[in-house]
Amino acid sequence: MKHPAHRQTIELEDARVLSHQACDGDQYVLRLQAPGCAARALPGQFVHLSCDPQLAMRRPLSIMRADAAAGWVELLYKALGHGTRLLARRQPGESLSLLGPIGKPFEPDPEHPRTLLLGGGVGMPPMIFLAESLRRNQDFQPLVLLGSEVPFPFARQPSRILLEGMPAGVIASMPLLEDWGIASRLSSLQGYPGCYDGYITDLARHWLDGLDSAARRQVGLYACGPHPMLRAVAQLGADYGLPCQVSLEEYMACAVGGCAGCVVQVTGERGPSMKRVCVDGPVFDAYSVFSPGS
């Protein structure tokens, strides 16, 4: 399931706000009419969005869903700083300047059809987008594990999908994924009913330990979230000998490779080098960024 070269044309659009839903924990789901971006968007890519006409700096936001036929993209974000708090005021009918889609997407591998998707906090959107993409391909069997230490931006729902290897009582799921027929489970340290009481990587270990060796060899890991979580995911993948792709979250100014303000050190066949998260990523091989055991 290889995608074409990701350094494609980036659309600059006046994106009209179609809906803007406020969720618990100062989180928002923003749907924008942006047909150029929607037609090209792939899981793992992001947009660089103007939050307010009076604010020069854009903000990078991961794409959670895209509908090429209807011409919209959907974003999930948390209002933390000045820019996203201004963005939270935008109303349906207003327009925002949008650059996208940007970056290297995930590349699911048919040799590892059991896809284990881990999303933490505002790292959930790329996992939802990837899950929606995978459901259209019968060769893949996605399982989505989502973790949050603030209220989830959706109503938790007891899963109707049986899933072996889960601890007793871990039944909370994301309704949208349930509607798609995709298995999901939730984790948190906040004691939310039906959620796993612990880290998302520990929940993943429970599931992996429940597989036989042949099934485990079919697993591919995909993740997005804060750096400590991604480091733990890389260690998880290394412990079980699994391929692993991660989407990095970094502050960035231009988002098109010009300012080099979002560089990270990546280790390749020729040794370490500096790569720009915006255009060389945001998706990287986990082991090129994180050294398991370090």
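The values are calculated or read from the model by the stated rules, or taken from the named source; none is laboratory data. What you see is a predicted model; the values in this text were computed from it and never measured. Heads up, the Cβs are rebuilt from the backbone with ideal geometry, glycines too, and the neighbour counts pull from every protein chain shown.
In this structure, does Ala131 turn out to be outside the structural domain of Ala68 (by TED's automatic domain parsing), buried (at least 19 other Cβ atoms within 10 Å of the Cβ) and in contact with a Gly (Cβ under 8 Å, 6 or more places away or on another chain)? So Ala131 does not fit the description; no. With a requirement of 2 or more residues that are loosely packed, with under 15 Cβ neighbours inside 10 Å, the strands (runs of 3 or more DSSP E) lying completely within segment 231-292 that satisfy it span 263-268, 271-276. Scanning segment 186-199 for residues that are buried (at least 17 other Cβ atoms within 10 Å of the Cβ) and either out of contact with any Phe, Trp or Tyr (no Cβ under 9 Å at 6 or more places or on another chain) or within 16 Å of Gly225 (Cα to Cα) (or both) returns Leu186, Ser187, Ser188, Tyr196, Tyr199.
One residue stands out in segment 8-34 among those that are β-branched (Val, Ile, Thr) and part of a strand (DSSP E or B): the one that is nearest to the chain's Cα centre (by Cα), namely Val29.
If we scan segment 263-272, do we find a residue that is touching a Cys at 6+ places or on another chain (Cβ under 9 Å) and either touching a residue at least 24 places away in the same chain (Cβ under 8 Å) or in the same structural domain as Leu145 (by TED's automatic domain parsing) (or both)? For segment 263-272, residues touching a Cys at 6+ places or on another chain (Cβ under 9 Å) and either touching a residue at least 24 places away in the same chain (Cβ under 8 Å) or in the same structural domain as Leu145 (by TED's automatic domain parsing) (or both): absent.
Among the criteria (1) at pLDDT below 95; (2) among the polar types (S, T, N, Q); (3) not assigned by TED's automatic domain parsing to the domain that holds Leu221, the one Gln138 does not fulfil is (3).
Sort out which residues of segment 273-294 are polar (S, T, N, Q) and either under 21 Å from Gly220 (Cβ atoms) or assigned by TED's automatic domain parsing to the domain that holds Gly120 (or both), and write them in order of number. Result: Ser288, Ser291. Tally time: how many residues in segment 1-22 are surrounded by 15 or more Cβ atoms within 10 Å (Cβ to Cβ) and modelled with pLDDT under 95? Matching residues across segment 1-22 total 4.
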